[in-house]
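Notes follow the structure.
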Amino acid sequence: MRGPEQLRSSMRAFLSVKTAAFHRISPVEASLKRNSCKRAKAWRKRRLWFVVLPLVLAWQVIFAGGYPAAAANTSPVVLRLASGEWPPYTGKDLPHQGCDSQVVAEAFALEGIRVEYTFLPWARAFLLSKNGVMDGTVEWAGNDDQRASHFISKDYISAQQWVFFHRANRSFSWKILDDLSGLTIGLTIGYIYSDIFIEMQRRNPRMFAEAASDLLNFRKLLNGRIDLLPLERAVGQYLIRTELNENEQAQLTADSRPLADFHPRVLLSRAVAGNEERMHAFDRGLQRLKKSGRYQEIMAGCTPAAWSKP
């Protein structure tokens, strides 16, 4: 009969054999273990590339002067500008869409910015620009109300002058607008007139008559339904030259006394990111255009000698 020490010795030997059996690795398990090691090594290599590749790209940017050719973007910036019809300065069907439109487009082009125009009613053109639907709009005075929602160009696009158009056989003289009492003045719906006109219209509404377009007002002037039509000189002359027959043209003239000077500017919406720098670019481009003499060449298209009847 075995004593206690012999029993404990036999038990330790048994456990030693069972433990060794539990730690044996089968051929299948050994294969799986080898494959796992290979996958781990491959993953470590891929992780190394994840670190190295960004460093290589960064080196190309810093030392090669830019991104790889495949990532380069050389497309010019396209600026969407809204405008109304104001021939010969702006117009959808005019050569180069008008001389003012051409000046703006070429000034931006000198700074690498391409312009696309959309022609709309004036009020809608301004609203879409204000809300950032369009990038900007052209042919505006650049007053404080407009400055609140737009960046405004430093220099004007063109020098314009408002005058009274009237029938050639009807003379009149005036120094202040109150001298025109008793005459009927035609206004065009949608235009923003000076505060003086607005105040006169409030005090004496019968002194004014509105029409949907400048051309309709010219026909009312020919028919004697109005006596005076305030309009920019070149705009009025253009409409008379291109829309009326020779007999009608001979019946109309413009007063030599200027009513007001107008210097339209470019407005870029404050709601569009990057527009402040684009406005600086336009200011630079316009100065370059004027210094080169190209500006004067373009504006020659806004003189009567350049117009012909369609």
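Quick look at the numbers
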| quantity | calculated |
| --- | --- |
| Matching residues in the range 235-253 - criterion: being open to solvent by less than 30 Å² (accessible area, probe 1.4 Å) and in contact with a strand residue (DSSP E or B) (Cβ under 7 Å, 6 or more places away or on another chain) | Val235, Gly236, Ile240, Leu252 |
| Any hit, the range 193-204, residues being at pLDDT 95 or above and either among the hydroxyl-bearing types (Ser, Thr, Tyr) or open to solvent by less than 30 Å² (accessible area, probe 1.4 Å) (or both) | no |
| Test: residue in the range 180-191 that is open to solvent by 90 Å² or more (accessible area, probe 1.4 Å) and in a loop (DSSP other than H, G, I, E, B) | yes |
| Pick from the range 212-233, criterion open to solvent by 10 Å² or more (accessible area, probe 1.4 Å) and under 32 Å from the mean Cα position of the chain (by Cα), ranking: farthest from Pro121 (Cα to Cα) | Arg233 |
| Arg114 being in a strand (DSSP E or B) and either in contact with a helix residue (DSSP H, G or I) (Cβ under 6 Å, 6 or more places away or on another chain) or open to solvent by 50 Å² or more (accessible area, probe 1.4 Å) (or both) | yes |
| Flag if Arg265 is open to solvent by 20 Å² or more (accessible area, probe 1.4 Å) and modelled with pLDDT under 95 | no |
| Residue within the range 92-102 that is at pLDDT below 95 and touching a strand residue (DSSP E or B) at 6+ places or on another chain (Cβ under 8 Å) present | no |
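The values are calculated or read from the model by the stated rules, or taken from the named source; none is laboratory data. Keep in mind that what you see is a predicted model, and the values were worked out from it rather than measured. Here Cβ is always computed from backbone atoms with ideal geometry, including for glycine, and neighbour counts include all displayed protein chains. Please note that ligands, DNA and RNA were not included when accessible areas were found on the heavy atoms of the full protein model with its side chains. Shrake-Rupley method; radii C 1.70, N 1.55, O 1.52, S 1.80 Å.
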